[in-house]
1. Kindly establish whether Asp165 is touching a His at 6+ places or on another chain (Cβ under 7 Å) and either buried (at least 23 other Cβ atoms within 10 Å of the Cβ) or within 15 Å of Arg209 (Cα to Cα) (or both).
2. Take the residues in segment 119-143 that are of a type in the set (Phe, Trp, Tyr) and surrounded by 23 or more Cβ atoms within 10 Å (Cβ to Cβ), then tell me which one is modelled with the lowest pLDDT.
3. Across segment 89-118, what is the total count of residues that are farther than 23 Å from Ser211 by Cα, over 22 Å from the mean Cα position of the chain (by Cα) and surrounded by 18 or more Cβ atoms within 10 Å (Cβ to Cβ)?
4. Could you look through segment 21-60, keep only residues that are part of a loop (DSSP other than H, G, I, E, B) and among the basic types (Lys, Arg), and pick out the one that is surrounded by the fewest Cβ atoms within 10 Å (Cβ to Cβ)?
5. From the list Val18, Val66, Val79, pick out the single residue that is over 22 Å from the mean Cα position of the chain (by Cα) and either surrounded by fewer than 20 Cβ atoms within 10 Å (Cβ to Cβ) or touching a residue at least 40 places away in the same chain (Cβ under 8 Å) (or both).
6. Do we find a residue being hydroxyl-bearing (Ser, Thr, Tyr), modelled with pLDDT under 95, within 30 Å of Val238 (Cβ to Cβ) and outside any loop (DSSP other than H, G, I, E, B) anywhere in segment 426-435?
7. Residues Ala220, Ala236: which one is crowded, with 20+ Cβ neighbours inside 10 Å and either over 21 Å from the mean Cα position of the chain (by Cα) or modelled with pLDDT under 95 (or both)?
8. Please determine, by comparing only the residues of segment 182-213 that are of a type in the set (A, V, I, L, M) and in a helix (DSSP H, G or I), which one is surrounded by the fewest Cβ atoms within 10 Å (Cβ to Cβ).
Amino acid sequence: MGARYYLAVDQDTTGTEVVLFDEKWNVAARGNYDVPVLYPRIGWAERDPEEVWRSVLLAAAQALKVVGADTGDIISVGVNHEGESVVIWDKNTGKPIYNAIVWQDRRTARAADKLAINYDELVRKKTGLMIDSYFCATKYQWILDHVEGAREKMQNNELLAGTMDTWILWRMTHGQAHVTDASTASRTMLFNVGRGDWDDELLELFGIRRSMLPRICDSAGVLCRTDPDSFLGICAPVSAVLMDQQAALAGLGCVEPGMVKITYGTGSFMMMNTGPTIIESPHGLLSTVAWQLEGEKTFAVDGGAYITGGAVKWLKNTMGLCESVDETARMADSVPDNGGVYFVPAFSGLAVPHWDSYASGMMIGLSAGVKKEHIVRASLEATAYQVLDVLEVMIRDAGVKVNTIRCNGHPTRNPFLMQFQADILNMPLDIPQISCTTAFGAAFFSALGIGHFSSIRDISEMWRPALRYEPNMSRDQRDYLVYNWHRAVERAKYWVE
């Protein structure tokens, strides 16, 4: 018998990466395919669900081709995804009734605000979440209210709904599996964390039928099997489903309470493992399910910045201020400071600790002496400042001392950003040897789900740091920079009418 592989589908906001890990947990092959985010109106963000599925097929085919893998060489499949993006489709035709609404989308912000007046405490008590358009429920509600005939089809049990994991698994199994895991369900505003199931009172509040929603499973375990006719000839167990942040938490070995990770990407997301304890945060952090194994939940507290790396891509693709994201470190280092420029990239509002859906992206401190290098530097610094705001709240609300943070994502390859982040946090940052950490977490969970590991703690022995950044900025300089960052944030708030 030849080489065999664990296959991980890492489906994120901008596309899909499929990674094959061999039986010694080396990265054997990777395949990538981009999916454009569509912006039909200001504040809206969508993707074509068919293109998402196509990206999975093409990325998987590319990875298999790299190593010449046979379809029978796949041991198991693990899927992670970006979480709060939703799609509704006709279960008879298999066709989406509307584009997938992406987690960044803010079209339901006003509707969420109105609901929050009377129901925010109820939702918090049941789900651990605040009412916000970031989560799934108001997105489902919008599609049902705005697509002609949708509610009638729902009443006739002709519709299915889900996040991107559910859609991908439904397609992988030729419509045989309509499932999700508890970590994903906990981000919908429809999941009763205490009971571990969809909540009838919340379903009624948002006008959603239970029959539309997927069955909730453990994060590891055989959920279904891929259909060879639908998935490149592969017939293998799908034995893990996780949200991307939870997969990264596991992939970085943060499996003990109090351990913290940061994932840098389009946005930057921080998560702390809190074990069996649900943290109630008065400052807007989210209590969420990290994973569920054999019916037992591990919890986490979560906070993020919507736009960090996405702002750098905007400088490149829209503004033309740099030729590649990779050159931003050199540009930032070519000037001694930010030139007095602060960039608040609130393109989709502000998350923790502000929760302001009406904030606007803003650049302030511009003068005739400002160069494009200053603006690029300010965009990288904005990532570090936003992460600091989240970490300070997390440490305060969880009551846990944090000494080191583990980090993943493409921006961790940027030495300027990582050093500045360590300086602003005044804390060491560890970068892993396995760069595709999120996919690694999903692949490990899939191996756990078919019994190739006995405990989630086995992943701790596989953690290897490749690089550490130590802080070296003076307290006075750090305080000065953070003070001005907060001045800039206050000026960006409540701008959109």
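The values are calculated or read from the model by the stated rules, or taken from the named source; none is laboratory data. If you're wondering where the values come from, they're calculated on a predicted model, not measured in any experiment. We place every Cβ from the backbone using ideal geometry, glycine too, and count neighbours over all the protein chains shown.
1. Numbers: touching a His at 6+ places or on another chain (Cβ under 7 Å): yes; either buried (at least 23 other Cβ atoms within 10 Å of the Cβ) or within 15 Å of Arg209 (Cα to Cα) (or both): yes.
Yes.
2. Tyr134
3. 1
4. Within segment 21-60, the subset part of a loop (DSSP other than H, G, I, E, B) is 23-26, 35-37, 39-45, 48.
Within this subset, residues satisfying the condition of being among the basic types (Lys, Arg) are 24, 41.
On the way: Lys24: 7, Arg41: 9.
Checking each candidate, the answer is Lys24.
5. On the way: Val18 fails: over 22 Å from the mean Cα position of the chain (by Cα); Val79 fails: over 22 Å from the mean Cα position of the chain (by Cα).
Only one candidate qualifies: Val66.
6. Quick first cut of segment 426-435, residues hydroxyl-bearing (Ser, Thr, Tyr) only: 435.
The next check asks that each one be modelled with pLDDT under 95; those that pass are 435.
Still in the list and also within 30 Å of Val238 (Cβ to Cβ): 435.
From what's left, outside any loop (DSSP other than H, G, I, E, B): none.
Checked segment 426-435: no residue is hydroxyl-bearing (Ser, Thr, Tyr), modelled with pLDDT under 95, within 30 Å of Val238 (Cβ to Cβ) and outside any loop (DSSP other than H, G, I, E, B).
7. So the residue among Ala220, Ala236 that is crowded, with 20+ Cβ neighbours inside 10 Å and either over 21 Å from the mean Cα position of the chain (by Cα) or modelled with pLDDT under 95 (or both) is Ala236.
8. Restricting attention to segment 182-213, the residues satisfying the condition of being of a type in the set (A, V, I, L, M) are 182, 185, 189-190, 193, 202-203, 205, 208, 212-213.
If we keep only those that are in a helix (DSSP H, G or I) as well, we get 182, 185, 202-203, 205, 212.
On the way: Ala182: 26, Ala185: 27, Leu202: 20, Leu203: 17, Leu205: 19, Met212: 21.
Checked segment 182-213; the qualifying residue surrounded by the fewest Cβ atoms within 10 Å (Cβ to Cβ) is Leu203.
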